[in-house]
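Just so it is clear, none of the values below were taken in a lab; they were calculated from the coordinates. Just so it is clear, the structure is predicted and the values come from calculations on it, not from any experiment. Virtual Cβ from ideal backbone geometry, glycine too; neighbours counted across all protein chains shown.
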Amino acid sequence: MNDGQRTGLLDLVLETHGGREQWSRARTIRAHLHMVGPTWTGLGQEKTFAGVDLAVDVHRQRTVFADFTGRGLRGVYTPKRVTIEDADGAVLQERRTPRESFPPRARGMKWDALHALYFAGYGMWNYLTNPHLLTLPGVRTEELEPWRGGGHHWRRLHVTFPSHLATHSTRQTFYYDERGLQRRVDYAPYVLGNLPATHHTEAHRRVSGLVFPTHRYVLPIVDGKPASRPTIIVDFSDLAVEFSGEALSFEGGRE
């Protein structure tokens, strides 16, 4: 979709979350992550992200977790390769084409640290670069009819992502309030067996001119309705943004 087609809701969302120019100048986003919940416990990774510092590159798909699985180690995510490295950058564990490595979704299924690293790596990159993410080459957006429920009247964007962008699912629906703040996302994560879920976003905070939801929780869809309790809870704190002196373009495909 070209710039002439990106009008209306997406323009409002971009402006509300900081504006195109500010996002294009952002280089790195850093945060402290606390992510827990029954999903992580069931996968055997309940402590993996329960308090870890991370950094995402805004203009290429790369996320780095500090002290990942051990003090002084780091977990590095890119779409085609995830690694656990020591303080000197020596690779201790590695997995190429990580998306194809996930076992079928079944009761009692466990993940290893590299599975968790891939899922959280692309997930945090998606979360922290949004809505700039929606302007990248190959991403298609279409405004749907508004959604009404629970006393809310939210506008919606249906988003189709290209294959070179690692996301939960190719097609997702984003919900925004009257100000243009993101409030919810519907998707069905591939690596979790394409099980549908609603992802809610709250506690928006402005950092260096950009706006981020700092509290998120995921409700699985059960019998066509959202469950009453979240299965994943995500909290960001200590957010910081580093900028370049000029606008940058997305480096698609680079690791």
What nm distance separates the two modelled labels at Arg148 and Ser249, each placed 7 Å from Cα along Cα→Cβ? 4.5
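Note down the net charge around Asp238, summing +1 for each Lys or Arg and -1 for each Asp or Glu among other residues with Cβ under 15 Å from its Cβ.
Net charge in that neighbourhood comes out at -1.
What's the local net charge at Phe49, with K and R +1, D and E -1, over the other residues with C-beta under 12 Å away? It would help to have the intermediate numbers written out before the result.
Values: positive: Lys47; negative: Glu46, Asp53, Asp67, Asp235.
Spelling it out: positives minus negatives among the neighbours equals -3.
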Rounded to whole Å and sorted largest first, what semi-axes of the equivalent ellipsoid does the C-alpha gyration tensor of the range 1-131 yield via the square root of 5 times each eigenvalue? 30, 18, 14
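Sorted from largest to smallest, which semi-axis lengths in Å does the alpha carbon gyration tensor of the range 40-93 give for its equivalent ellipsoid, taking the root of 5 times each eigenvalue? Intermediate results must be reported in sequence, preceding the final value.
Numbers: eigenvalues 66, 43, 25 Å².
Its equivalent ellipsoid spans semi-axes of 18, 15, 11 Å.
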What is the chain's relative contact order, in percent, from Cα pairs under 8 angstrom and six or more apart in sequence? 23
Unit charges at the beta carbon, dipole of the chain: most positive-side option, Val52, Gly149, Ala90: Gly149
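From largest to smallest, what semi-axes in whole angstrom does the range 155-235 give when each is the square root of 5 times an eigenvalue of its alpha carbon gyration tensor?
Working: eigenvalues 90, 55, 32 Å².
Calculated on Cα positions only, the semi-axes equal 21, 17, 13 Å.
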Taking amide H atoms as placed 1.01 Å from N in the peptide plane, list the residues 5 or more away in sequence, or in a different chain, whose amide H sits under 5 Å from that of His204. Thr214
Given (i) 5; (ii) 35; (iii) 11, the label whose value is percent of Cα pairs over 35 Å apart derived from this model: (iii)
Find which of Thr160, Tyr217, Tyr175 sits farthest along the positive direction of the dipole of the range 138-229, computed with +1 on the beta-carbon of Lys and Arg, -1 on that of Asp and Glu, about the Cα centre. Tyr217
Using 0.36 nm times the number of residues separating His215 and His164, minus their current alpha carbon distance, what extension gain do you get? 15.6 nm
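Would you mind calculating the relative contact order of the range 26-95 from Cα pairs under 8 angstrom and at least 6 residues apart, reporting the percent as a whole number?
Numbers: 126 pairs, mean separation 14.2, N = 70.
20 percent.
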Using the Cβ atoms and a cut-off under 12 Å, what net charge is assigned to the surroundings of Glu145, where Lys and Arg are +1 and Asp and Glu are -1? +1
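Under the 0.36 nm per residue contour assumption, what length would be gained going from the current alpha-carbon distance of Arg96 and Ala66 to full extension?
Gain on stretching Arg96 to Ala66: 8.8 nm.
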May I ask you to compute the full-extension gain from Arg171 to Asp235, defined as 0.36 nm times their residue separation minus their alpha-carbon distance, rounded to one decimal in nm? 20.6 nm
